[in-house]
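> Got a structure for you, written out below as structure tokens; questions coming shortly.
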Amino acid sequence: MSKKRDDEKALRTISLQDRFSKVSVEDFASPLAPGMQVRDYLDALPRLLAGNEIREMAERIAEAAREKKEVIVGLGAHVIKVGLSPVLLSWMERGIITCIALNGAGVIHDAEIALWGKTSEDVGPALDEGMFGVGEETALLVNEALSRGRDEGKGFGEAVAQRLSEKDPPYAHLSLLCQAVRRQLPVTVHVAMGTDIIHMHPAADGAAIGEASLRDFRLLLSRIARLERGVYLNVGSAVVLPEVFMKALNLARNQGNKVEVFTTVDMDFIRHYRPSVNVVDRPVRMGGRGYQLIGHHELNLPLLAVAVLERLDSLSEESS
């Protein structure tokens, strides 16, 4: 007679009825149909992982907006140059965004869109010829605005936004900078010297650039100091804005401001180290919640934006 193997003796089993399972058919997506309303589509998403989290994000952003809390949006330049300004403008029109933080390239793309309705060079071929980033008008506009703004005590965002608006550009309705001026919405700009094409231009003034960006850091600090029960979104910045956010948050707490319970959201193509630790994890250790929504901006940002608008409408209906 054959002997049982030791591993057969050691195995204990359990009925599936008694075993805990993380996934149930109640969590599955609902069938989709042509002509569905946005609200129905959002409800049809699976109640698992990102399907749940995008509804949670929308809920938290909508609640913050409804309660007039800070909703600060930090943007990498790629978000602008893939055509998502109208999506963000829809939030601005509803009074959701309270402050926009940009890197230096974000200003460049926004200004070019406002003035000429186009942006984004073909970097490879231009670099081969040493002709990348040498467009004259953009560099002159930004650098002159900063030189003038330094004398007027303005930060980077305010100086460029006002100079751009004065030119009455034909595509001002698609410019975050121009529309921020119209709505008196603060825009801060945070640069690393040498990373932007305007720094190659003879008109670049390092003192003016640095002073303007430092003023904007202090302006952003004043908004983050009021972030309690608000939201900070980092959309498409892998290094600069996550670092700026963490330092500003630290300084706000150092100065005695209560900034403990709030929501953070990071959105990018892939998971990066700095947004993961400096936006999603470390800042909310004392309360709140951090989220990551990974994938193409041109798909995920419109989805989150409309989810927030739908939730705001639902909250209005519930309170009426």
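> Only one residue in LYS69, LYS22 is closer than 26 Å to ARG274 by Cα, at pLDDT 90 or above and part of a loop (DSSP other than H, G, I, E, B), so which one is that?
Just one listed residue meets the conditions, LYS69.
> Is it the case that some residue within the stretch 162-171 is aliphatic (A, V, I, L, M), at pLDDT 95 or above and not in a helix (DSSP H, G or I)?
Among the residues of the stretch 162-171, not one is aliphatic (A, V, I, L, M), at pLDDT 95 or above and not in a helix (DSSP H, G or I), which makes the answer no.
> Return only the number of the condition from (1) part of a helix (DSSP H, G or I); (2) in contact with a helix residue (DSSP H, G or I) (Cβ under 7 Å, 6 or more places away or on another chain) that LEU293 does not satisfy.
LEU293 satisfies all of (1) part of a helix (DSSP H, G or I); (2) in contact with a helix residue (DSSP H, G or I) (Cβ under 7 Å, 6 or more places away or on another chain) except (1).
> Please determine, by comparing only the residues of the stretch 262-299 that are of a type in the set (Phe, Trp, Tyr) and touching a strand residue (DSSP E or B) at 6+ places or on another chain (Cβ under 9 Å), which one is surrounded by the fewest Cβ atoms within 10 Å (Cβ to Cβ).
Out of the qualifying residues, it is PHE269.
> Additional query: Of all residues in the stretch 174-205, which are free of Cβ contacts under 8 Å to residues at least 12 places away in the same chain and over 17 Å from ALA105 (Cβ atoms)?
The answer is GLN184, PRO202.
> Name the pairs whose Cβ atoms lie under 6 Å apart, with the first residue in the stretch 223-235 and under 16 Å from ARG282 (Cβ atoms), the second in a loop (DSSP other than H, G, I, E, B), and 6 or more positions between them or separate chains?
Here the result reads LEU227/GLU70; LEU227/VAL259; LEU227/PHE262, each pair linking the stretch 223-235 to a residue that is in a loop (DSSP other than H, G, I, E, B).
> Please tell me if ALA111 is at pLDDT 95 or above, within 21 Å of ILE209 (Cα to Cα) and small (Gly, Ala, Ser).
yes
The values are calculated or read from the model by the stated rules, or taken from the named source; none is laboratory data. On a predicted model such as this, the values are computed, not experimentally measured, just so you know. Positions of Cβ are generated from backbone atoms using ideal geometry, with glycine treated the same way; all protein chains shown enter the neighbour counts.
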